[in-house]
Structures are given as C-alpha cells and as structure tokens.
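The values are calculated or read from the model by the stated rules, or taken from the named source; none is laboratory data. Note that the coordinates shown come from a computational prediction; the quantities given were computed from them, not determined experimentally. Counting neighbours? That spans all protein chains shown, and the Cβs are built from the backbone with ideal geometry, glycine included. These area figures cover heavy atoms from the full protein model, side chains too; ligands, DNA and RNA do not enter into them. Shrake-Rupley method; radii C 1.70, N 1.55, O 1.52, S 1.80 Å.
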Amino acid sequence: MLSPGRTASCRLLRPASWLSLRQGSQRSAGGAPQRELIKKHDLEKNELRPLYMDFQATTPMDPRVLDAMLPYQVNYYGNPHSRTHAYGWESETAMENARQQVADLIGADPREIVFTSGATESNNMAIKGVARFYQAKKRHVITTQTEHKCVLDSCRVLEAEGFNITYLPVQKNGLLDLEMLEACIRPDTCLVSVMTVNNEIGVKQPIKDIGQICRSKGVFLHTDAAQAVGKIPVNVNDWKVDLMSISAHKIYGPKGVGALYVRRRPRVRLEPLQNGGGQERGLRSGTVPTPLAVGLGAACSIARTEMEYDHYRVSMLADRLVQKILSETPDVIMNGDPEQRYPGCINLSFAYVEGESLLMALKDVALSSGSACTSASLEPSYVLRAIGTDEDLAHSSIRFGIGRFTTEEEVDYTAGRCIQQVRRLREMSPLWEMVQEGVDLKSIKWTQH
C-alpha cells in the first residue's frame, strides 16, 4: 500500500513552513520582492517530485540510521581523539562501536577498518597508497576497463608517475576472464583492483576466485565493494581480499563517510594520502566525524540483519520490472550477465530510442543513463563500450535502480510509463519505421550533406 501523501507516480513536496515564509517576508524590503517570495512558496506547495528509481547513485537515509546519529550531532559532540575528558571518551566509544559494526558486516577485525570520506577516497588510498609504498620493487598494477572512474583515474595518475598499468578487457557478459588475469600477473605486480558489483550494469565479479589467484601469486587484491557491501554476503577472509572500499550512502547511510578495509595479516602497507595528527593508525589523518561514523555503523548493522530479506524483495521487484517491460516492448537488451549480477541494478538498452530522450520523457521517474559520476557527459557509457555494445545501443541505455524502500506500485508505474514512452518515441523514429519494413540498417551506407 502507498503511504499517505503519495501516489503511484509521485511524492508531494512538503510545503515550506509558515515560519520560514514569514521570516522571508520580514527580510523583504519592498512589496514586489515580498510578492515574489510568496509566489515562490505557493509554487513549491504544488510541486511534484518524481519517483526515485536510481538506488545505484545514492540511497535515502534509513530513519533508524538518523536516530542513531542525532545524539552525536547535538549532545555528544566531543572530539573522539580527545583523551582527557568524558566528551572525548563518549565519542571515541561510539566511533569504535561503529568500527566494530562495519567489521562485522564484512567478516573483518575492527582494527582493519579505516574511516574515510567515502568510496572515492578509499579507492584512491588503496591504489595510490599500495603502489607508492612498494614502488621500489614493484611498479605494475592490474585493473579492468569497467572500473569506477575514480579507480581508472587513480591508475592514470600512477601512469604519469611511471607505473605500468594493465587495463584488462572484460567479456561480453561483463565478467573478467580469469585465465587472462592470471597470465597478466608479473613478478613486479603489486596490486590487482577489481570491483565486486559494477555500478552501471550490476555484474558481480568472481572475487573469491580472483582472490585465490592473487594470493597464490603474492599480489595484493583490492576491490571496490561500494555497490556490494550490505547487499550481498561479503567475507574478506573467505574471498582473500586485502583491501576493500565501502560507502555509507550506498547502503542507506549518510553521505560523506565510508571506510577502507586494510588487512593486517598478511600485512598490507600503505603510503597515506594526507598527513597530520596520525589518526586512523596514521593512514588517514584528520578528526573522524563521529555522527557520520555512527551512521555508517548503524547502516552496516541494519544491512547485516536485513540483508537476506532485502535481497529477496529487491529480486522480486526487479523480476517484476524486467518481465513487464520485456513482455510488452520488443528489441530491448539487458546489459551484463543475466545470472552473475546484483538484481537491484538493471541496465536496459532500448533499440531505436535515444536514451537521453527517454529520460526526458520519463521526467516523473528519477532514472539515469549510467554512472552518476559521469552522467553529465553525452558520450556513451565506457562500461557498455567495454562489453562490446554498439554505440547506438550504448546511447539508448537506461539504468533502473531498485532498493529497500521501492514499492510494487512504483515498479508497475515505472514499467508502464517506460513501455508507453518507448512506443511513442519509436513511432517518431524513421529508423524504427525502416526496421518494421524489413530494412537491415547495418547494410545502409549513410552519407552526410
């Protein structure tokens, strides 16, 4: 059932409070500015917000996470690194409890958890930190072509410093060829970095098998698990992972905080990116923001308890969405492996439809055409190009994200609107008309005028 104040298609914006309106009016010197302010607030009262179906970009904060954080925003505001009074001790206890909660979710020791500002910082720390620490003897790093932008850019920075980087291609289903990986490992390879679940196509890499290969070769393995932790079972010891990046806002926690798992045995050494007071075992100087750390810990604790139910429910909703769209819309391709994937990330290509046009037509549903970090670009997704998708299909892809708070009504509405708008856009497309007449578009030689 829908909660009060919601429909299957939209959520209503909460009207601005009368207090803020009155304060704004008092600040307005003349009558015209005051009328404009009132008009603005009146418009906001009737503004409709789209449905949220972009859970890979970010997730709404779970109210239970906010409840855990609030006391440390207001009452327990001590610096967790102040060791001489109760304010510091309270915050330190909360911080260490959060560290334990993160560790419990991934099967780690709490001393192996380093708090960061998010997965981007964690990825930068892991890749640059390991490479620079061991650069005297090892100057080779291996990654894949479908990694997150911050991993690829970190590797490019290392290339500029003289490191040798191998960017492995992936197969058409998005999975890494393990034989190719093993063949590329050299005596001077210090690190392999492969993401667990891809943020654009949802493909789940065989990290456990990759971990065994890396351990047998004496090479450290880093995985960007921002899209996996809290959504699928993760155990760093079973997987033989040496470094793992985690983000709070992907698992219904606050933005601005994450963690990096750094193995103690066998010990992984890092050169820190930022220096200062030596917090976080000297790996990440700076005061740990206690409320954010508490929020990450609470999000991990909730995810650990509810993961099985969440996964079952997300799988059911994802199947519902895909079946509805595929049953009524021809020429739709699901990108990525159909089995080895996280079900909540669905990437579909709608042939003969421009993805950006479809996004604009579906303005009452919040979706994306790829990673939020690169969605401002009109270039086709580099992830889709890496799995061999044709450029026209890469341009026609839409990512649907399903999460903990998604309802059946929202899924049905999204599927219905998508079917309706794809049909409308295709009717306007001369390419679609030619295909219906049996013309092979690949046989046509297009000329420019």
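Name the one entry in V170, V141 that is closer than 18 Å to V241 by Cβ and either buried (at least 20 other Cβ atoms within 10 Å of the Cβ) or in contact with a Ser or Thr (Cβ under 8 Å, 6 or more places away or on another chain) (or both). I'd like the intermediate steps shown before the answer.
On the way: V170 fails: closer than 18 Å to V241 by Cβ.
One residue alone meets the criteria, V141.
Just one of S245, S285, S315 is over 14 Å from D62 (Cα atoms) and assigned to a loop (DSSP other than H, G, I, E, B); which is it? Talk me through it step by step, then tell me what you get.
Details: S245 fails: assigned to a loop (DSSP other than H, G, I, E, B); S315 fails: assigned to a loop (DSSP other than H, G, I, E, B).
When all the criteria are applied, what remains is S285.
Determine whether region 439-449 contains at least one residue that is outside any loop (DSSP other than H, G, I, E, B), under 33 Å from the mean Cα position of the chain (by Cα) and among the aliphatic types (A, V, I, L, M). Step through it out loud before you land on a result.
Taking region 439-449 as the starting set, the residues that turn out to be outside any loop (DSSP other than H, G, I, E, B) are 441-443.
Of the ones still in play, those that are also under 33 Å from the mean Cα position of the chain (by Cα) are none.
Looking for residues that are outside any loop (DSSP other than H, G, I, E, B), under 33 Å from the mean Cα position of the chain (by Cα) and among the aliphatic types (A, V, I, L, M), one finds none in region 439-449, hence no.
Does V322 satisfy being part of a helix (DSSP H, G or I), touching a strand residue (DSSP E or B) at 6+ places or on another chain (Cβ under 8 Å) and of a type in the set (A, V, I, L, M, F, W, C)? Write out each step before concluding.
Details: part of a helix (DSSP H, G or I): yes; touching a strand residue (DSSP E or B) at 6+ places or on another chain (Cβ under 8 Å): yes; of a type in the set (A, V, I, L, M, F, W, C): yes.
Answer is yes for this residue.
Keeping to region 316-328, report how many residues are open to solvent by 10 Å² or more (accessible area, probe 1.4 Å) and either over 23 Å from P233 (Cα atoms) or outside the structural domain of D392 (by the TED database) (or both).
Residues of region 316-328 open to solvent by 10 Å² or more (accessible area, probe 1.4 Å): 316, 319-320, 322-324, 326-328.
Within this subset, residues satisfying the condition of being either over 23 Å from P233 (Cα atoms) or outside the structural domain of D392 (by the TED database) (or both) are 320, 322-324, 326-328.
Total meeting the criteria: 7.
Residues being part of a helix (DSSP H, G or I) and either over 30 Å from R417 (Cβ atoms) or touching a Lys or Arg at 6+ places or on another chain (Cβ under 9 Å) (or both): count how many of those fall in region 46-100. Step through it out loud before you land on a result.
The first filter runs over region 46-100 and keeps only residues part of a helix (DSSP H, G or I), leaving 63-74, 86-100.
The next check asks that each one be either over 30 Å from R417 (Cβ atoms) or touching a Lys or Arg at 6+ places or on another chain (Cβ under 9 Å) (or both); those that pass are 64-74, 86-100.
Of the residues in region 46-100, 26 are part of a helix (DSSP H, G or I) and either over 30 Å from R417 (Cβ atoms) or touching a Lys or Arg at 6+ places or on another chain (Cβ under 9 Å) (or both).
Pairs only if they're at least six apart or on different chains, beta carbon under 8 angstrom, first in region 270-293 and in the same structural domain as M244 (by the TED database) and in contact (Cβ under 8 Å) with a residue 60 or more places away in the chain, second open to solvent by 40 Å² or more (accessible area, probe 1.4 Å) and among the β-branched types (V, I, T); list them, first residue then second.
Matching pairs, first to second residue: G277/T287; Q279/T287.
I want to confirm something. Restricting to region 119-131 and keeping residues that are touching a helix residue (DSSP H, G or I) at 6+ places or on another chain (Cβ under 8 Å) and surrounded by fewer than 24 Cβ atoms within 10 Å (Cβ to Cβ), which single residue is nearest to Q56 (Cα to Cα)? Quick ask: steps written out before the conclusion?
Going through region 119-131, the residues touching a helix residue (DSSP H, G or I) at 6+ places or on another chain (Cβ under 8 Å) turn out to be 119-120, 123-124, 127-128, 131.
Subsequent filtering for residues that are surrounded by fewer than 24 Cβ atoms within 10 Å (Cβ to Cβ) retains 120, 124, 128.
Details: T120: 15, N124: 20, K128: 25 Å.
Only one residue tops the list, namely T120.
For region 397-409, indicate whether the set of residues that are within 24 Å of G202 (Cβ to Cβ), at pLDDT below 95, in a loop (DSSP other than H, G, I, E, B) and of a type in the set (S, T, Y) is non-empty.
No: zero hits.
For region 248-282, which residues satisfy the criterion of being in a loop (DSSP other than H, G, I, E, B), under 13 Å from the mean Cα position of the chain (by Cα) and crowded, with 24+ Cβ neighbours inside 10 Å?
A248, K250, I251, Y252, G253
Does K240 satisfy being free of Cβ contacts under 8 Å to residues at least 40 places away in the same chain, open to solvent by 20 Å² or more (accessible area, probe 1.4 Å) and either touching a helix residue (DSSP H, G or I) at 6+ places or on another chain (Cβ under 7 Å) or not aliphatic (A, V, I, L, M) (or both)? Walk me through how you get there before you give the answer.
Details: free of Cβ contacts under 8 Å to residues at least 40 places away in the same chain: yes; open to solvent by 20 Å² or more (accessible area, probe 1.4 Å): yes; either touching a helix residue (DSSP H, G or I) at 6+ places or on another chain (Cβ under 7 Å) or not aliphatic (A, V, I, L, M) (or both): yes.
Judged against the criteria, K240 is a match.
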